[in-house]
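Chemist: Dropping the structure in here first, questions after.
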């Protein structure tokens, strides 16, 4: 499985609102499309940082599933304009968990 480890550094005081929308809208849409996704984890050290992981069967499905999400109506018409302004920066590390599978 291909796993994205995602770190989001949010603008000050945006984490509660971001998490509310992410949990109620984004996570269900990821799962509806067939992506594995963990709940977001809030950083203990930084009140504006959170982490989550997304899983894909392989690199090809990563490309197609991400396209389905980011080109979809929910993202384009509702989430992008609300969530993206809350993000200061984000980092993504792509891993292959074949040797040590993540327990979803």
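Please treat every number below as a calculation from the coordinates, not as lab data. As the structure is a prediction and not an experimental result, all values here were calculated from the model. We place every Cβ from the backbone using ideal geometry, glycine too, and count neighbours over all the protein chains shown.
Chemist: So in the range 40-63, with the set limited to residues that are over 9 Å from the mean Cα position of the chain (by Cα) and part of a loop (DSSP other than H, G, I, E, B), which one is surrounded by the most Cβ atoms within 10 Å (Cβ to Cβ)?
Modeler: 48
Chemist: I would also like to ask the following. Out of the range 1-38, which residues are closer than 24 Å to residue 64 by Cβ and exposed (fewer than 12 other Cβ atoms within 10 Å of the Cβ)?
Modeler: Matches in the range 1-38: 31 only.
Chemist: Based on what the data block shows, is residue 39 touching a strand residue (DSSP E or B) at 6+ places or on another chain (Cβ under 8 Å) and in contact (Cβ under 8 Å) with a residue 60 or more places away in the chain?
Modeler: Values: touching a strand residue (DSSP E or B) at 6+ places or on another chain (Cβ under 8 Å): yes; in contact (Cβ under 8 Å) with a residue 60 or more places away in the chain: no.
For residue 39, the condition - touching a strand residue (DSSP E or B) at 6+ places or on another chain (Cβ under 8 Å) and in contact (Cβ under 8 Å) with a residue 60 or more places away in the chain - is not met.
Chemist: I'd like the residue in the range 1-17 that is touching a helix residue (DSSP H, G or I) at 6+ places or on another chain (Cβ under 6 Å) and assigned to a strand (DSSP E or B) and, out of all such residues, is farthest from residue 36 (Cα to Cα).
Modeler: 10
Chemist: Looking at residue 81, is it more than 22 Å from residue 104 (Cβ to Cβ), assigned to a helix (DSSP H, G or I) and out of contact with any helix residue (DSSP H, G or I) (no Cβ under 6 Å at 6 or more places or on another chain)? Walk me through how you get there before you give the answer.
Modeler: Working: more than 22 Å from residue 104 (Cβ to Cβ): yes; assigned to a helix (DSSP H, G or I): yes; out of contact with any helix residue (DSSP H, G or I) (no Cβ under 6 Å at 6 or more places or on another chain): yes.
Yes.
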